[in-house]
1. Give me a count of the residues in the stretch 125-161 that are surrounded by 16 or more Cβ atoms within 10 Å (Cβ to Cβ), over 27 Å from Leu218 (Cβ atoms) and of a type in the set (A, V, I, L, M).
2. Restricting attention to the stretch 31-45, and to residues there that are over 18 Å from Val204 (Cβ atoms) and buried (at least 17 other Cβ atoms within 10 Å of the Cβ), which single residue is nearest to the ligand (Cβ to nearest atom)?
3. Would you mention how many residues in the stretch 3-30 are in contact with a Leu (Cβ under 7 Å, 6 or more places away or on another chain) and within 10 Å of the ligand (Cβ to nearest atom)?
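Readers should treat all values here as calculations from the given coordinates under stated rules, not as data from a laboratory. Since the structure is predicted, the reported quantities are computational estimates derived from the model, not experimental observations. Cβ coordinates were reconstructed from backbone atoms using ideal geometry, including for glycine residues, and neighbour counts include every protein chain displayed.
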Amino acid sequence: MAIKFSKTFLLRKLHQITGIVPLGMFFFVHMFTNSKAMNGAASFDKAVKEIHDIPYLLLIEIFGIFVPLLFHSVYGVLISAEAKPNVLNYSYGRNWFYVFQRATGIFLFFFLLFHILNLRFGVIPGLNMTPVAGNADKAFSIVAAEFQITWVLIVYILGVLATAWHLAYGFFLFAVDWGIVIGEKAQKVTLAASLGLALMLAGVGINAAFAFVRPCGLLPQALCEAPKKPITSGTKF
Ligand code: HEM
């Protein structure tokens, strides 16, 4: 009999938990670090340098990010392939959310592959060829030069939107599946809170992306410590 990945209890629980810890936690920290770009290049470069100074960083990256990410993405793609969307029969909100959850997961698989090769390793021909890893002093100018290319900026904005949705709705699914919220009313409140979280994460992430193009991102510059002149990122690598 063929194995149904979506029905293997332990793997399914491991898939849910890896989405929250460490991947969800990583995303919060990542958007916080990116938001330091609102205060200018020096502030962002310092934040990246502090990360690079963490002892055992490579091991933390491998076992804390890359292995959980690989497991979460590959298992996620397998269960998405087994999914039976129900929107045509019952177009209730939750059925659409179910479809979005899987669609964003599949998009994120390709986005993250692109993103990590593009900035962490700098190996995509025709785009940035300087890895941020090992070049903390150039981190801001590497990202700023990349975001001058409109389609790249759009891909990153879609990546932030997809992650914000996927993570926030993932929190809701986790809370229901692990029996943390049981009653119908409690589930409604948790769902509303998850949607609020998705909006907040999307707002913070998108503003951080624009902070590499314009001081303080989309917010009034008076709110930031950034240099008040426009960002010039003509750096060629
Ligand atoms: C505004 C959009 C984003 C910017 C400017 C950005 C920036 C960066 C930079 C500069 C790095 C390299 C860090 C280093 O080598 O020290 C990185 C790595 C990474 N980013 Fe993003 N990122 C963005 C969106 C996202 C999103 C939406 C995700 C989804 C979860 C994500 C996940 C990752 C992962 C998994 C890594 C590899 C972490 C590591 O090697 O330690 N990023 N990002």
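1. 1
2. Asp45
3. Within the stretch 3-30, residues that are in contact with a Leu (Cβ under 7 Å, 6 or more places away or on another chain) and within 10 Å of the ligand (Cβ to nearest atom) number 3.
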